[in-house]
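Q: Please find one structure pasted underneath; my questions will follow.
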Amino acid sequence: MQETMFIDPQRCIGCRSCVAACRECSTHKGYSMIFVDHIDRSETTATMPTVCMHCTEPTCALVCPADAIKMNEDGVVMSALKPRCLDCRNCVNACPFGVPKYNTAMHLQMKCDMCYDRTSEGLKPMCASVCPTGAISFGKYEQIVPLRRTKPVNAHVFGNQHVETKVYLMLPTDETEVNIDGCGVFEGRIGLTGEQQAQTGESWIDTQEEQSDKSNEF
Amino acid sequence: MATAAKKLTRSGAINYMHPTIIGVIASAVLTLLVIVGSRNLEHFDSALFGYTIASIVAFGAIAFRYAIWLQRPATRTYFRRGLQLFFQRKKFAANTASAATTVATNLVAQKFIFKRGTMRWLMHALIMWGCVIAALITFPLVFGWVHFELEGDLGYRAYLFGIPTQLMQGRDIFAWIVFHGLDFSAVMVIAGCAIAIHRRLKDRGAIATQTFLLDFVPHMMLIAISVSGLMLTASSLWFEGYMYSFVAMVHQATVIMTLFYLPFGKLFHVVQRPASIGVELYQRRSREMPQAVCPRCKTEFVGQMWIDDLKKVVGELGFDYRMANGQTLQDYCPRCKRIMRGLAYAGLPDTKEKVFYGTREEAGHTETTKSEKSSQQ
């Protein structure tokens, strides 16, 4: 089986080494394509690392009017082809995982391409090579899985849509898929009224991240 | 080097009937323009017959390819909406100004390529302007839209569609520049392609993602055209026409191959890129309209029209991202989509299960369940 990525958010300590390392990738030099988001800053220090999951049927590629996003035979969904990308941002807003980034001045979309310059030569992607906790790992399924007690799952359900991906998420349960239906709420807020739940109590870190991360502009 | 791309289609069968009709009409229109523009073929140069036929066929093929491209749900939506927005009466002047700005900054000055890289801009400017100059000189000549007549000993007068223009003196610097226009454009194209190939051989990112057919062949074709074109000049100027007809044949062959490559390869971006006029207009206008508010973080992140169109496209493609709460996934901003997935993940472990705390095999672990916890609150 081909090598792929295994994301284990339980292990993520929010150090953002991956964010820094991602900038070193030769296919998107100087710009980081990975996200580390606080899931509920006032309740928990837990963070969610997000790389491109490389869907088997990528919504981003199919909604591209310029046919600029291609998937290669390894199943890696590449950044938009530079001559074609019109900066329409359809992919940015259609991606179920909130992954593609854009830059209006450059008229360009870029996204995680699993460090194709490295992985095509047998090296690990930048993020996986620096992650101190193994929250982001890269390898063959049969190599990684025996080392973990968590369960690799590559199926997400967003509302009515089933999305299968090349990248695996390591689940602490026996579920076979991750179900995302609605906004979601952190454990500590369960039982609170809707209004209380809506008070996110965002810290200044969130405010700092807000402008670039909410719109995905790099 | 990257492997070939997988074929991704989800928009149903492609209709070839209409694109074929459009392609044939395009070719017919160009044929008519050649006949009319050359005054009933009076000024048509029969030596350029091969080029004319290739241009007519390639023009039809480009129209065919463009029509196929417009069948993509997203492309169709942008195309229709772009035209609809452009022709709104009240905004027509503003729209024309917006389109003119896009043409000036994106298509002429190409500021966006400058932002991507200075050398990349220089490379692209050399290749593009080289090709534009060459096309402006050659196509009118090939179609018989321009011809020259000798006046006096050294006076040349160009006739555009049979209409006389400025008289040039054959030994003038101006005439020299005009007659060597194709040589200058060839040098520009070669220099631009050299920069491009140098980058493709050195840049690690480019090496990983490029393909021979998409990224090298177009440059090699352009270099072949330019070099063979320069050889024609060299042959006539310095070698008394040595091998001229053979080089002319080679030049014609490379030009025709490139014309046929236009609709199907990397060079299609030449035809595709002007779509950015429509896309920018769409973006400008959608910024003036009511904005979509992310239902989770309440941030305005993009125009509502934009999101509505996108949801329609996503639906046409056969995706169904509708959720139980009545929202569609695309209603949420990218950051909230990531956090929602994080929350779904965080909500997975049921403390009742043995696997909590990451020990799937170890049994006997007891802990209050999530439902018990919530009832305590």
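Q: By how many degrees, 0 to 90 and rounded to 10, does the Cα axis of helix B:244-261 deviate from the longest principal axis of chain B?
A: 30
Q: If each DSSP helix of 4+ residues adds -39,500 (n - 2.57) and the sum is divided by the residues in chain A, what number results at 222 nm, nearest 500 deg cm²/dmol?
A: -4500 deg cm²/dmol
Q: Hey, if we sort B:T102, A:T104, B:T328 by accessible area with the 1.4 Å probe, largest down, what's the order?
A: Greatest to least solvent exposure: A:T104, B:T328, B:T102.
Q: Kindly identify segment A:142-190 as rounded, prolate or oblate by the Cα gyration tensor criterion: order the square roots of the eigenvalues as a ≥ b ≥ c, call it rounded if a/c is under 1.5, otherwise compare a/b with b/c, prolate if a/b is larger, else oblate.
A: Oblate shape, in that a/c is at least 1.5 and b/c is the bigger or equal ratio.
Q: While we're looking at this one, here's another question. Out of A:G75, A:C18, B:Y51, whose Cα points farthest toward the positive end of the dipole of the protein assembly as shown (charges: +1 Lys, Arg; -1 Asp, Glu; placed on Cβ)?
A: B:Y51
Q: Which sequence of B:K91, A:K29, A:K101 reflects their accessible areas, 1.4 Å probe, from the largest down?
A: A:K29, B:K91, A:K101
Q: So, for chain B, what is the accessible surface per residue at a probe of 1.4 Å, expressed in square angstrom?
A: So chain B comes to 53 Å² accessible per residue, rounded to a whole number.
Q: Let me ask something else. Heavy atoms of the protein only, probe of 1.4 Å, neighbouring chains included. What is the accessible area of B:S245 in Å², nearest 10?
A: 90
Q: Can I ask one more? As a test question: what accessible area, to the nearest 10 Å², does B:M220 have when a 1.4 Å probe is rolled over all protein chains in place?
A: 90
Q: To continue, here is another question. Using the Karplus curve 6.51 cos²θ - 1.76 cosθ + 1.60 with θ = phi - 60°, what ³J(HN,Hα) values do you get for each residue of segment B:312-318, in whole Hz, with x for Gly and Pro?
A: 3J(HN,Hα) across segment B:312-318, in whole Hz: 5, 4, 4, x, 4, 7, x.
Q: Report the charge-dipole magnitude of segment A:44-137 in Debye, nearest 20, computed about the Cα centre from +1 at each Lys and Arg Cβ and -1 at each Asp and Glu Cβ.
A: That gives segment A:44-137 a dipole magnitude of about 260 debye.
Q: Just counting partner chain Cβ atoms within 10 Å, what average do the residues of peptide B:61-74 show around their Cβ?
A: Averaged over the peptide's residues, the number is 2.
Q: Please give the charge dipole size of segment A:3-215, origin at the Cα centre, charges +1 on K and R Cβ atoms and -1 on D and E Cβ atoms. Round to the nearest 20 debye.
A: Roughly 600 debye for segment A:3-215.
Q: Which value at 222 nm does chain B reach when only helices count, each DSSP H run of 4 or more adding -39,500 (n - 2.57), with the total divided by all residues and rounded to the nearest 500 deg cm²/dmol?
A: Roughly -19000 deg cm²/dmol at 222 nm, from the helical runs in chain B.
Q: Continuing with this model, one more query. With +1 on each Lys and Arg Cβ and -1 on each Asp and Glu Cβ, how big is the dipole of the protein assembly as shown about its Cα centre, in debye rounded to the nearest 20?
A: Charge dipole, the protein assembly as shown, about its Cα centre: 540 debye, nearest 20.
Q: Still on this structure: Percent of alpha carbon pairs in chain B separated by more than 40 Å?
A: 36
Q: Using a 1.4 angstrom probe on the protein heavy atoms only, could you order B:W176, B:W238, B:W69 from most to least accessible area?
A: Most to least solvent-accessible, the answer reads B:W238, B:W176, B:W69.
Q: Shifting gears a bit: Ignore the peptide's own chain and count Cβ atoms of other chains within 10 Å of each Cβ in A:32-38; give me the average, rounded.
A: If you average over the peptide's residues, the count of other-chain Cβ atoms is 2.
The values are calculated or read from the model by the stated rules, or taken from the named source; none is laboratory data. All figures in this text were calculated on a predicted structure; none of them were measured in a lab. Heads up, the Cβs are rebuilt from the backbone with ideal geometry, glycines too, and the neighbour counts pull from every protein chain shown. Please note that ligands, DNA and RNA were not included when accessible areas were found on the heavy atoms of the full protein model with its side chains. Shrake-Rupley method; radii C 1.70, N 1.55, O 1.52, S 1.80 Å.
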